[in-house]
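Notes follow once the structure below has been shown.
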Amino acid sequence: MPTDNPSGVLFDVDGTLVDTTYLHTVSWWEALRQTDQPVPMATVHRAIGMGSDKLLDHLLGPERDRDADGRLRDAHDTLYAEYWERLTPLPGAADLLRACAERGLRVVLATSAAEHEVTALRRALDADDVIAAVTSSEDAAQSKPAPDILVAALDQSGLPAERVVFVGDSVWDVAAAGKLDIPCVGLTCGGTSRGELAGAGAVAVYDDPAALLATLDDSPLTRST
């Protein structure tokens with residue numbers, strides 16, 4: 001593949017490559033309960049994929065008293081950190097990254113997780129040998145559904161938007177990609193349904209990384225790039 005016209009795949013990580021969506025759900029649910037702001041767990045789950053700023057606006061309303069936001073984030077981070085040593089990649093995750101790299105695609109982790117969380121996620125994936133670039137929350141002024149983290153991923157990897165596909169597990173991933181006209185492939189392994197992902201604009205939907213890997217050469221990852 002010509003080096004002056006590179007192609008690549010941007011991957012969300014939480015819920016897409018590593019099985020963390022429900023861990024974040026439980027951690028936010030408990031953090032909200034501890035601050036006497038209970039929210040049903042199903043409602044929390046549907047907000048996962050946003051950064052903490054937009055997630056709290058979504059769950060508690062933008063006009064809320066924000067004095068407790070720091071406590072909420074700290075409580076979530078403390079609760080979620082208890083799982084770090086047990087984080088598990090989703091089926092086929094590392095193999096999918098390696099298969100993309102073998103086909104000459106630059107593999108980029110476009111995550112808005114905090115830097116300390118990124119370290120735990122990368123350790124769980126164990127695929128650093130094929131990863132060209134990795135973002136974190138420090139790279140984005142706004143979280144998804146704003147496209148800032150995808151812009152940062154493109155900048156860090158040297159990839160043009162018209163030569164990439166984004167893979168994510170939430171409607172917020174699809175929305176962020178759409179703002180840059182980047183095709184988004186959806187995975188249902190984060191708990192969002194096929195219908196919701198397709199309805200949000202995903203160009204294709206698969207069960208998990210293993211299912212995408214099984215038809216990789218007929219997928220948008222290779223066709224579009």
> Can you list the HN-Hα couplings for region 88-96, worked out from phi with the Karplus curve (6.51, -1.76, 1.60; θ = phi - 60°), rounded to whole Hz and with x for Gly and Pro?
Replying inline: 10, x, 6, x, x, 4, 5, 5, 5
> Around T111, which amide H atoms from residues at least 5 apart in sequence, or from another chain, sit under 5 Å from its own amide H, with H modelled in the peptide plane?
Replying inline: T135
> Summing -39500 (n - 2.57) over the DSSP H runs of n ≥ 4 in the chain and dividing by its residue number, what mean residue ellipticity at 222 nm do you reach, to the nearest 500 deg cm²/dmol?
Replying inline: -12500 deg cm²/dmol
>> Which one, A99, A175, A68, has the greatest fluctuation when you compute a Gaussian network model over the chain with C-alpha springs under 10 angstrom?
In response: A68
>> For R71, project a label point 7 Å along Cα to C-beta. Then give me every residue of region 33-54 with its amide nitrogen under 20 Å of that point.
In response: 33-40, 52-54
>> Please list T25, T215, T188, T78 from largest to smallest accessible area, probe radius 1.4 Å, with all protein chains kept in place.
In response: T78, T215, T188, T25
> What is the Cα coordinate range of region 21-82 on the first, second and third principal axes, sorted by size from largest, in whole angstrom?
Replying inline: 30, 21, 19
>> Could you tell me the ratio Rg/Rh of region 141-225? Both radii from Cα atoms, Rh via Kirkwood.
In response: 0.96
>> Can I get the semi-axes of the chain's equivalent ellipsoid? Compute them from the C-alpha gyration tensor as square roots of 5 times the eigenvalues, in angstrom, largest first.
In response: 29, 17, 16
>> Using the crude model of +1 on Lys and Arg Cβ and -1 on Asp and Glu Cβ, and no other charge, please compute the dipole size for region 6-93 relative to its Cα centre, in debye to 20.
In response: 200 debye
> Hey, what do the phi angles of region 211-223 turn into as Karplus ³J(HN,Hα) couplings, whole Hz, using 6.51/-1.76/1.60 and θ = phi - 60°, x for Gly and Pro?
Replying inline: 5, 5, 4, 5, 10, 4, 6, 10, 9, x, 5, 9, 5
>> How big is the dipole moment of the chain about its Cα centre under a simple scheme where the beta carbon of each Lys and Arg is +1, that of each Asp and Glu is -1, and everything else is neutral? Debye, nearest 20, please.
In response: 400 debye
> So, counting K/R as plus one and D/E as minus one, what does the shell of residues with Cβ under 9 Å around S137 add up to?
Replying inline: -4
>> Only Cα pairs within less than 10 Å get springs; with that Gaussian network setup on the chain, which residue of T135, T119, T21 has the largest fluctuation?
In response: T119
> Using a 1.4 Å probe, what is the accessible area per residue for the chain, in Å²?
Replying inline: 43 Å²
> Could you give the length gained on full extension between D218 and K179, defined as 0.36 nm per residue of separation minus the Cα-Cα distance, in nm?
Replying inline: 11.5 nm
> Under a 1.4 angstrom probe, counting protein chains only, how are M41, M50 ranked by accessible area, largest first?
Replying inline: M41, M50
> Roughly how large, in nm² to one decimal, is the mean projection of the convex hull of the alpha-carbon atoms in region 100-148?
Replying inline: 3.8 nm²
> Counting only protein heavy atoms and using a 1.4 Å probe, what share of the accessible area of the chain belongs to carbon plus sulfur, as a whole percent?
Replying inline: 48 percent
> Who wins for biggest fluctuation among D74, D128, D169 in a Gaussian network model of the chain, springs between alpha carbons below 10 Å?
Replying inline: D74
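The values are calculated or read from the model by the stated rules, or taken from the named source; none is laboratory data. What you are looking at is a predicted structure, and each value in this text was computed from that prediction instead of being measured. Please note: Cβ atoms are built from the backbone with ideal geometry, for glycine as well, and neighbour counts cover all protein chains shown. Surface accessibility is based on the protein's heavy atoms, side chains included, excluding ligands, DNA and RNA. Shrake-Rupley method; radii C 1.70, N 1.55, O 1.52, S 1.80 Å.
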